[in-house]
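S.K.: My questions will all concern the structure given below.
The values are calculated or read from the model by the stated rules, or taken from the named source; none is laboratory data. Being a predicted model, the structure only gives us computed values, none of them experimental. Neighbour counts run over all protein chains shown; Cβ positions are idealised from the backbone, glycine included. Ligands, DNA and RNA are excluded from the accessible area calculation, which covers all protein heavy atoms including side chains. Shrake-Rupley method; radii C 1.70, N 1.55, O 1.52, S 1.80 Å.
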Amino acid sequence: MKDNYRILVVEDEEDLCEILQFNLESDGHSVDTAHSAEDALKKNLNGYDLFLLDVMMGKMSGFNLAQKIRKEMKLETPIIFLTARNSENDLLTGFNIGADDYIAKPFSIRELQARVKTVLKRSLKSNEPETPPVVTVGGIKIDNIAKRLVIGSKKIELTRKEFEILSLLVRNQGRIFSREEILDRIWDNDVIVTDRTVDVNMTRLRKKMEEHAGYIRNKPGYGYYFEI
């Protein structure tokens, strides 16, 4: 998952708005705030990766704002509703509008941070282009059906993580992925791993790539990328 997402928090409780902004910015995101749906509509909503919308606001509710975002603006940007209303009808209304999650107040900040991370990760995966059966680049083949690397006529078996790392880097040639991004994209949320885990898998993968090991590069202080 990339390091920095743009998030818009629309919440009429100013204190809560500030708390959410502070904690989400602590996670590395860029966060803007609005204290009403009307104020939110004055912004360029195309530039955000996630909307956190309070349901119960003044003249225009979060539900109505979400309908404008979905139906009038045709934006597929993920939406998380924040509300003290948690009846079944409210939940159904939110999800029918196109919500990606629904968090009932009061909630813990850690819970919200985890739910935000999950929604962003899910959104990122759904927006990725379809992977072709075989990708050929720089003298190597990545067989997405058999899940292995092919160099010349030699078939090289990779572990699941090694294959997923290689596929990620090749799909995004030239883009630098930090260790944290690779962990977010490749490892499940419930598995405890460290940055060192990425380095160990990279070392093994490079060894298996033989004379093509140099395609996987490391920019110190930034992360890994694939370049021929």
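S.K.: Under a 5 Å amide H to amide H cut-off, with H placed in plane at 1.01 Å, what residues pair with Val31 once short-range neighbours are removed?
M.R.: Ile7
S.K.: Choose one of Ile176, Ser153, Leu52: the residue whose Cα lies farthest towards the positive end of the charge dipole of the chain (beta-carbon charges +1 Lys, Arg; -1 Asp, Glu; about the Cα centre).
M.R.: Ser153
S.K.: Which percent of the accessible area of the range 42-123 is formed by carbon and sulfur heavy atoms (probe 1.4 angstrom)?
M.R.: 48
S.K.: Got a sec? Charge dipole of the chain, +1 on Cβ for Lys and Arg, -1 for Asp and Glu; which of Asn218, Val31, Leu65 is way out at the positive end?
M.R.: Looking along the dipole axis, the top candidate is Asn218.
S.K.: If N is the number of residues in the range 1-87, what value comes out of its Cα radius of gyration divided by 2.2 N^0.38 Å?
M.R.: 1.02
S.K.: Using 0.36 nm per residue of separation minus the Cα-Cα distance, give me the extension gain between Glu211 and Met60 in nm, one decimal.
M.R.: 48.2 nm
S.K.: Between Glu76 and Glu227, what FRET efficiency comes out of the Förster formula 1/(1 + (r/R0)^6) with R0 = 45 Å and r the beta carbon distance, rounded to 0.05?
M.R.: Approximately 0.90, to the nearest 0.05.
S.K.: Taking R0 as 30 Å, what's the FRET efficiency between Lys43 and Phe22 from their Cβ-Cβ distance, rounded to 0.05?
M.R.: E(calc), rounded to 0.05, equals 0.95.
S.K.: If the reach is capped at under 16 angstrom between alpha carbons, list the lysines near Lys43, excluding any in the same chain fewer than eight residues apart.
M.R.: Lys68, Lys74
S.K.: Suppose each label sits 7 Å from its Cα in the direction of the beta carbon; what would the Asp195-Glu13 distance come out to in nanometres?
M.R.: Computed distance between label sites Asp195 and Glu13 equals 3.6 nm.
S.K.: What does the extension gain come out to for Leu91 and Arg160, with contour length at 0.36 nm per residue minus their alpha carbon separation?
M.R.: My answer for the length gained is 21.1 nm.
S.K.: Tell me, what is the per residue accessible area of the range 131-228 in Å², probe radius 1.4 Å?
M.R.: Accessible area per residue, the range 131-228: 55 Å².
S.K.: Which one, Met202, Met57, Met73, has the greatest fluctuation when you compute a Gaussian network model over the chain with C-alpha springs under 10 angstrom?
M.R.: Its mean-square fluctuation being the largest, the pick is Met73.
S.K.: Determine how many Å³ per residue the convex hull of the Cα atoms of the range 144-228 encloses.
M.R.: 96
S.K.: Please get the size of the charge dipole for the chain, origin at its Cα centre, with Cβ charges of +1 on Lys and Arg and -1 on Asp and Glu, quoted in debye to the nearest 20.
M.R.: 1380
S.K.: Can you give me the long-range amide H partners of Met60? Hydrogens built in the peptide plane at 1.01 Å from N, cutoff under 5 Å, separation of 5 or more residues or another chain.
M.R.: Ala37, Glu38
S.K.: Could you pull out the trypsin sites (Lys or Arg not before Pro) across the range 171-221 that fall in loop regions by DSSP (anything but H, G, I, E, B) with no more than 16 other Cβ atoms inside 10 Å?
M.R.: Passing sites in the range 171-221 are Arg175.
S.K.: Let me ask another. Using a 1.4 angstrom probe, figure out how much accessible area the range 1-120 has per residue, in square angstrom, rounded to the nearest whole.
M.R.: 50
S.K.: Right, another one. Return the sequence-ordered ³J(HN,Hα) values of the range 35-48 in whole Hz as given by the Karplus equation 6.51 cos²θ - 1.76 cosθ + 1.60 applied to θ = phi - 60°, using x for Gly and Pro.
M.R.: Here the 3J(HN,Hα) series is 9, 7, 5, 4, 5, 4, 5, 7, 8, 7, 6, 5, x, 9 Hz.
S.K.: On to the next question. Using the alpha carbons of the chain, what is the convex hull volume per residue in cubic angstrom, as a whole number?
M.R.: It is 144 Å³ per residue.
S.K.: What FRET efficiency comes out for Thr203 versus Ala114 if R0 is 30 angstrom and r is the Cβ-Cβ distance? Round to the nearest 0.05.
M.R.: 0.45
S.K.: Restricting to DSSP H runs of at least four residues, report the calculated mean residue ellipticity at 222 nm for the chain, -39500 (n - 2.57) per run over all residues, nearest 500 deg cm²/dmol.
M.R.: When only DSSP H runs of four or more count, the value is -11500 deg cm²/dmol.
S.K.: On to the next question. In nm, to one decimal, how far is the modelled label at Trp187 from the one at Lys105, with both set 7 Å along Cα→Cβ?
M.R.: With each label placed 7 Å out from Cα toward Cβ, I get 3.6 nm.
S.K.: Using a simple spin-label model with points 7 Å from Cα along the Cα→Cβ vector, what separation in nm is obtained for Lys147 and Val135?
M.R.: 1.6
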